[in-house]
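Quick notes on the structure that follows.
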Amino acid sequence: MPDTKRKLFIKSYGCQMNVYDSARMSDMLAPSGYVETDQPDDADLIILNTCHIREKAAEKVYSELGRIRKIKAARAGDGHDVKIAVAGCVAQAEGEEIIRRAPMVDMVFGPQTYHKLPDMLARAEETGRSVVETEFPVEDKFDHLVQPSSVKTRSRGVAAFLTVQEGCDKFCSFCVVPYTRGAEFSRPVERVAAEARRLADAGVKEITLLGQNVNAYHGEGPDGASWGLAQLLYHLEEIDGLERLRFTTSHPKDMDEALIRAHRDCAKLMPYLHLPVQSGSDSILKAMNRKHSAGFYLDIIERIRQARPDIALSSDFIVGFPGETDADFEDTLKIVRDVNYAQAYSFKYSPRPGTPGADLEAQVPEEVKSERLQRLQALLGEQQTAFNASCAGQKFDLLLEKPGRYPGQLVGRSPYLQPVHVTNTNAAIGDIVPVHIDAIGANSLSAHIV
Ligand code: SAH
Ligand code: SF4
Ligand code: F3S
């Protein structure tokens, strides 16, 4: 029998929301016979799910398209018509421009239009012309997405992402997200709960609720009232089989009392919070339009630590925002010392077209940004190493996620998201096991089951 399956290669860039969207794109195409491959070379459809957050991220797409063009040409020589799609935030931001720069691209569509993928693909195949869909639609994509089979869900692992909130209305002056993902929107509680139940029934043990501004969540509850993220967490905690909950990414301004208390009272919520502050300088925070001061942030950290003393914290930082002086940068180092992070991401400011920050005059020279980034990363690196070292000798519950590199080895995640190796175990993937941390490596910890 001829092989009727068509092969789909999807590459995700950027944040976890893109990882979630890529999975849903694959689900949308499954009814048309597409199966995923991890090799672009033999794919019939290649989707790049792109990120526009920094210039480097956006430019990666064009270098990748250069490689893919060669695959398309080689396969055309063998009589195969390989379709190429650019999805995600670069697609939303650049639209038609992508086709101008890379004419072999067949489809361009943004984060809110991928539910139309089968239809766009049919149009591209019928007409042989490129299809661009970047208007924000009136309908909600979530109402049109295909539910995957439980086997497919389980094949993606025992920890899953679930988007509960989309878009952002905050308009931080450096950020493209409000333009690429559109206005803030929360999915209704019962829709989220149904998806979470489906995941749990398929064997998923841990769910990370996603949104670019996830703690602004205000979905319609079963009682018709607007529910906050804390209420949603308590509701999801009731689902049998689901053992761990996380959420990301939060904005300090939306860290309300109920959510802070959930870190004490919601037993399945993990003691790890990613709460980006970006800068420790009040004047830079103001220029970034973050709408809070360094003191406000420190106060929230203090209250969260009171609610949940064993919480570990993570953040994002931008160095070299326009107008950032040496003294402003010292304030950033100071807030890092004050908080003491378990982990953090840090970036050089990248001016993004269409954002207010890009038009500011006092742009910081590249070499100053590089030097500041180095100093910040050295400090954050020390804190991360110290945090990991402090885990030696401790007992954690580990969610076993995948086989390790060596026979008999399994890799799991600690409550603090650290990868942890265990050996010589009869436990299975998906089990949550108590472990004793034996040794701290550069990138992971090792442990034995107790
Ligand atoms: N919604 C999240 C951030 C999403 S973007 C929040 O509010 O914190 C992820 C991170 O990328 C940001 O936290 C920021 O640190 C970084 N980032 C965003 N725009 C950037 C830019 N123009 N230049 C450099 N880093 C940027
Ligand atoms: Fe971007 Fe700010 Fe919205 Fe986060 S809160 S997505 S940084 S605009
Ligand atoms: Fe990037 Fe879009 Fe996520 S710009 S960080 S992929 S929301």
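Descriptive notes on the structure:
- For S444 and D359, the FRET efficiency from 1/(1 + (r/R0)^6), where r spans their Cβ atoms and R0 equals 41 Å, is about 0.40.
- Compactness check for the range 200-253: Cα Rg over 2.2 N^0.38 Å is 1.19.
- Cα centroid separation, the range 379-450 to the range 163-211: 28 Å.
- Extension gain (nm, one decimal) between D41 and D282, 0.36 nm per residue minus Cα-Cα: 81.7 nm
- Summarising the label geometry, the points placed 7 Å from Cα in the beta-carbon direction at H80 and R375 lie 5.2 nm from one another.
- For the chain, fraction of C-alpha pairs farther apart than 35 Å, in %: 35 percent
- Residue pairs, from the table K56/K141; K152/K402; K7/K56; K83/K205, whose Cα atoms sit over 24 Å apart: K56/K141; K7/K56; K83/K205
- For the peptides 203-214, 85-96, 185-196, residues were scored by their other Cβ atoms within 10 Å and the scores averaged per peptide; the highest-first order is 85-96, 203-214, 185-196.
- Anisotropy class of the range 395-449 from Cα gyration tensor, a/c 1.5 cut: rounded
- With Cα atoms as the point set, the radius of gyration and Dmax of the range 147-269 evaluate to 14.5, 43 Å.
- Cysteines not pairable in the chain (beta carbon separation under 4.7 Å absent): C15, C51, C89, C168, C266, C391
- Sequence of Y179, Y234 from largest to smallest accessible area, 1.4 Å probe: Y179, Y234
- In this Cβ point-charge picture (+1 for Lys and Arg, -1 for Asp and Glu), the range 271-387 has a dipole of about 420 debye about its Cα centre.
- Rounded to the nearest 20 debye, the dipole magnitude of the chain is 860 debye, with +1 charges on Lys and Arg beta carbons, -1 on Asp and Glu beta carbons, and the Cα centre as origin.
- With the cut-off at under 12 Å, measuring from each backbone N in the range 182-222 to a point 7 Å along the Cα-to-Cβ line of D254 picks out 183-187, 210-219.
- Accessible surface of F136 - all protein chains present, 1.4 Å probe, nearest 10 Å²: 100 Å²
- Listed residues P222, L245, S150: farthest to the positive end of the dipole of the range 147-269 (Cβ charges): S150
- Stretching E238 away from D338 to a fully extended chain increases their span by 32.4 nm, per 0.36 nm per residue minus the current alpha-carbon distance.
- With both labels modelled 7 Å from their Cα along Cα-to-Cβ, the R69 to R101 distance reads 1.2 nm.
The values are calculated or read from the model by the stated rules, or taken from the named source; none is laboratory data. Just so you know, these numbers come straight off a predicted model, no measurement behind them. Every residue, glycine as well, gets a Cβ built from its backbone with ideal geometry; the counts of neighbours run over all protein chains shown. SASA here: full protein model, heavy atoms, side chains in, ligands and nucleic acids out. Shrake-Rupley method; radii C 1.70, N 1.55, O 1.52, S 1.80 Å.
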